[in-house]
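Asker: Got a structure for you, questions after.
Only the coordinates and a few stated rules stand behind these numbers; no lab work does. This one's a predicted model, so the numbers in the text were calculated from it and none came from an experiment. For neighbour counting, all protein chains shown are included, and Cβ atoms are generated from backbone atoms with ideal geometry for every residue, glycine included.
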Amino acid sequence: MSGQGTVRGDDGRDRCPWGDRPSDYRDYHDSEWGRPVTSTDGLFERITLEAFQSGLSWLTILRKRPAFRAAFGGFAPATVAAYGGGDVARLLADRGIVRNRAKIEATLSNARAVLALDVPLADLMWEHAPDPAAHPAPVTSADVPAVTAESTALAAELKRRGFRFVGPTTAYALMQAVGMVDGHLAGCFARGAVALRRRRGSP
């Protein structure tokens, strides 16, 4: 079965099929997804949200994002790394987020892994960004892979560094979310809207 190509929104713009409706998706698609993220807090947030999304709808995560930010101290790794058992109990009682003990405990562990790095998180991750020229723009959703050699390598390196809930599939979704890969379809207005920045020195 062939995948779906871009869809035209009521504003006349062609978008990836998932990015037109509802408005939560459209806002995220148009203004954030695929734009380069290089700040430590921003990357830690995306790692956390992608982990929590596993097995759930991304729409659920988007709508709970403000509550996640409040619950996890704005995703400042130093703040989250200092959480203890009382904080885990607090988070398990927080109806605003996804109350999954394994994922909550993994988030605390991942924050500590960020602090333990001997290189900036952005450098570690963006070292695995593929050469854009090596991957043609997907024409339909069927052309978008779930896993790549680069996401497999990134997942392995993150796990080696102590990160949890970062398998190759989650790592590829993460790479698309933070702009390491331009996952927008060839006909999407957002394709190439922000040039991909690779490796050290990205703003």
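Asker: Taking the number of other C-beta atoms within 10 Å as the exposure measure, put 23, 141 in order starting with the fewest.
Answerer: Working: 23 8, 141 15.
Exposure proxy ranking, most exposed first: 23, 141.
Asker: Turning to a different aspect of this structure: Ranking request for peptides 163-172, 60-69: highest mean number of other beta-carbon atoms within 10 Å first, then the rest in descending order.
Answerer: On the way: 163-172: 20.9, 60-69: 16.0.
Packing proxy ranking, top to bottom: 163-172, 60-69.
Asker: Let me have the 222 nm mean residue ellipticity of the chain computed from DSSP H runs of 4+ only, each contributing -39500 (n - 2.57), with the sum over all residues rounded to the nearest 500. Don't skip to the end; give the middle numbers.
Answerer: Values: 9 runs with 94 residues, N = 203.
Theoretical 222 nm ellipticity from helices: -14000 deg cm²/dmol.
Asker: Taking the Cβ of each residue in 103, 159 as the centre, tally the other Cβ atoms inside 10 Å and list the residues starting with the fewest.
Answerer: Working: 103 19, 159 15.
Lowest count first: 159, 103.
Asker: Which shape class applies to segment 40-116: rounded if a/c is under 1.5, otherwise prolate when a/b exceeds b/c and oblate if not, where a ≥ b ≥ c are the square roots of the Cα gyration tensor eigenvalues?
Answerer: On the way: a/c = 1.61, a/b = 1.22, b/c = 1.32.
Cα axes put segment 40-116 in the oblate bin.
Asker: Along each principal axis of its Cα atoms, how long is segment 64-176 end to end? Whole angstroms, biggest number first, please.
Answerer: 48, 34, 20
Asker: What does the charge add up to near residue 79, with Lys and Arg as +1, Asp and Glu as -1, over the other residues with Cβ less than 14 Å from its Cβ? Provide the component values of the computation, followed by the final result.
Answerer: Numbers: positive: 69, 90, 112; negative: 41, 45, 87.
Around residue 79, the surrounding residues sum to 0.
Asker: Still on this structure, please answer the following. On a 0 to 90 degree scale, rounded to 10, what angle separates helix 101-116 from the longest Cα axis of the chain?
Answerer: Result, in degrees: 90.
Asker: Could you work out the relative contact order of segment 40-116, using alpha carbon pairs under 8 angstrom and six or more residues apart, expressed as a whole percent? Please report the intermediate quantities before stating the final value.
Answerer: Details: 60 pairs, mean separation 27.1, N = 77.
Averaging sequence separation for qualifying contacts and normalising by length gives 35 percent for segment 40-116.
Asker: Can you check how the C-alpha radius of gyration of segment 98-155 compares to 2.2 N^0.38 Å, as a plain ratio?
Answerer: Compactness ratio reported: 1.52.
Asker: Figure the gain on full extension for residue 35 and residue 134 (residue separation times 0.36 nm, minus the Cα-Cα span) and round it to one decimal in nm.
Answerer: Values: separation 99, 0.36 × 99 = 35.64 nm, distance 1.92 nm.
Extra length from residue 35 to residue 134 when fully extended: 33.7 nm.
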